[in-house]
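Participant: This is the structure I want to talk about, given as structure tokens.
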């Protein structure tokens, strides 16, 4: 008996999302904004973004950059909860306003094929909606979709507060598939090229956007894939990958695990937002670079640290071992994506930079299966400027 498309989608934990996209005439270079957990120690970056955006519509108004969170906590320590609540209300009100004012328009049900140029290579992605009932971020999970790194429950608090009353789901989450033969994106690219040879009106697929990203972050191009036969071909390949997957692990959450974990918790609490927008990427994509995430220790006496831990910051142990040592030592840590940025921040009095040269991604799926997950903030996919920008959205219902 042949399965319906809906049955196939359910088998691989997906739904075709109803995408909201900025209406025609909006400056997309100002509208698209980098993930909120980037440049956490670089308030100047976010001030430049704020100045560049000005009063124009932007996803900057729909997020709480962690750099501001750190800054506002420092200057409003005794009143931070009130500051935070005010921020959250503002974010949620802005989301409602963007819907009510038609800043976001409904472009229908579709996947989106994304080509992102960062540095000198292209990264390919596919925006879909994943079923949170098939995602488990706990260690030792056996679900279809799992976290690659340990989830820190304390880091979910603010994300959950924002998500609980949010009307929009705007993704910065990158989810990995283990597709050595590149079956999925070869198919997606063939669909893209076939679209250009069809007569007007013969296809609902189209180029959705093509523009430069702010702050010298490259450019991005998106293709709407709305024709159901094309979507079914994509889903059929994901079913193949699922059938071949070790231990039933089809999806491994790369970037944005804490945001997805917050979405999962809020769904279980409220019943809203079962399907979350993410971008699927192939772990073997030539345009996907993996980097270790570096550790910046803040307000630490270096002599005390070395004496008590035995760690030489210039020759640290393996990251998984180091994190255990840092947790036992107990100090404030910031997780920095750029090596040079971390080294520079480490020059500030009271700071210690601990950096790594590489991260081996080839065994990541096997490591998740074997160990449950890596320590928090083990790796990053791309440098800070390569990260996903907020752009497309869906309503949370």
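Participant: Please report Rg over Rh for segment 276-397, where both radii come from the alpha carbon positions and Rh follows the Kirkwood definition.
Facilitator: 1.03
Participant: Please report how far the C-alpha centroid of segment 138-182 lies from that of segment 10-74, rounded to the nearest whole angstrom.
Facilitator: 18
Participant: Now a separate question. Rg and Dmax of segment 292-360, Cα atoms, in Å?
Facilitator: Computed over the Cα atoms of segment 292-360, radius of gyration and Dmax are 11.0, 32 Å.
Participant: Next up: Could you work out how much longer the chain between residue 6 and residue 244 gets when fully extended? Use 0.36 nm per residue separation minus the Cα distance between them, nm to one decimal.
Facilitator: 83.6 nm
Participant: Shifting gears a bit: When 1/r is averaged over all different Cα pairs and the result inverted, which Kirkwood radius in Å belongs to segment 1-111?
Facilitator: 16.6
Participant: Once you have the alpha carbon radius of gyration of segment 329-373, what is it after dividing by 2.2 N^0.38 Å, with N set to its residue count?
Facilitator: Dividing the Cα Rg of segment 329-373 by 2.2 N^0.38 Å gives 1.54.
Participant: Round to the nearest 10 and give me the degree value, 0 to 90, for the angle of helix 66-75's Cα axis relative to the longest principal axis of the chain.
Facilitator: 40
Participant: With each run of n ≥ 4 DSSP H residues scored as -39500 (n - 2.57), what mean residue ellipticity at 222 nm is computed for the chain after dividing by its residue count and rounding to the nearest 500 deg cm²/dmol?
Facilitator: Counting only the DSSP helices, I get -10500 deg cm²/dmol.
Participant: Using every pair of alpha-carbon atoms in segment 43-83, split the distances into 10 Å bins beginning at 0 and state the percent of pairs per bin, rounded to integers.
Facilitator: Percent of pairs per bin, in order: 27, 46, 26, 1.
Participant: A further question on this structure: Would you list 278, 83, 53 from fewest to most Cβ contacts within 10 Å?
Facilitator: 83, 53, 278
Participant: Tally the DSSP beta bridges in the chain and give the antiparallel ones as a percent, rounded to 5.
Facilitator: 85
Participant: Between residue 141 and residue 44, what is the label-point separation in nm under the 7 Å Cα-to-beta-carbon projection?
Facilitator: Spacing of the two 7 Å Cα→Cβ label points: 3.9 nm.
Participant: For labels at residue 216 and residue 301 in the simple 7 Å Cα→Cβ model, what's the distance in nm?
Facilitator: The answer from the label model is 4.1 nm.
Participant: Okay, next question. Please rank 378, 58, 360, fewest neighbouring Cβ atoms within 10 Å first, as an exposure proxy.
Facilitator: Going from least to most buried by this count: 360, 378, 58.
Participant: If neighbour count is taken as other Cβ atoms inside 10 Å, put 342, 375, 110 in order from fewest to most.
Facilitator: 375, 342, 110
Participant: Roughly how tilted is helix 43-53, in degrees to the nearest 10 and between 0 and 90, from the longest Cα axis of the chain?
Facilitator: 30
Participant: Next question, about the same structure. Only residues of segment 346-360 count here: report those whose backbone N is under 17 Å from the spot 7 Å along Cα→Cβ of residue 318, or say none.
Facilitator: Residues 356-360 qualify, since their backbone N sits under 17 Å from the label point.
Participant: Starting from the eigenvalues of the Cα gyration tensor, five times each then square-rooted, give me the equivalent ellipsoid semi-axes of segment 193-299, largest first, whole Å.
Facilitator: 30, 22, 18
Participant: In degrees from 0 to 90, rounded to the nearest 10, what is the angle of the helix 228-244 Cα long axis to the longest principal axis of the chain?
Facilitator: 50
Participant: From the C-alpha coordinates alone, can you work out the Kirkwood hydrodynamic radius of the chain, in Å?
Facilitator: Its Kirkwood hydrodynamic radius stands at 22.0 Å.
Participant: How fast does segment 54-174 diffuse by Stokes-Einstein, in µm²/s, taking the Kirkwood radius from C-alpha pairs at 37 °C and 0.692 mPa s?
Facilitator: So the translational diffusion coefficient is about 188 µm²/s.
Just so you know, all these numbers are worked out from the coordinates, no wet-lab data involved. Fair warning: this is a prediction, and the values are worked out from it, not measured in the lab. All Cβ positions, even for glycine, are placed from backbone atoms using ideal geometry, and neighbour counts span all protein chains on display.
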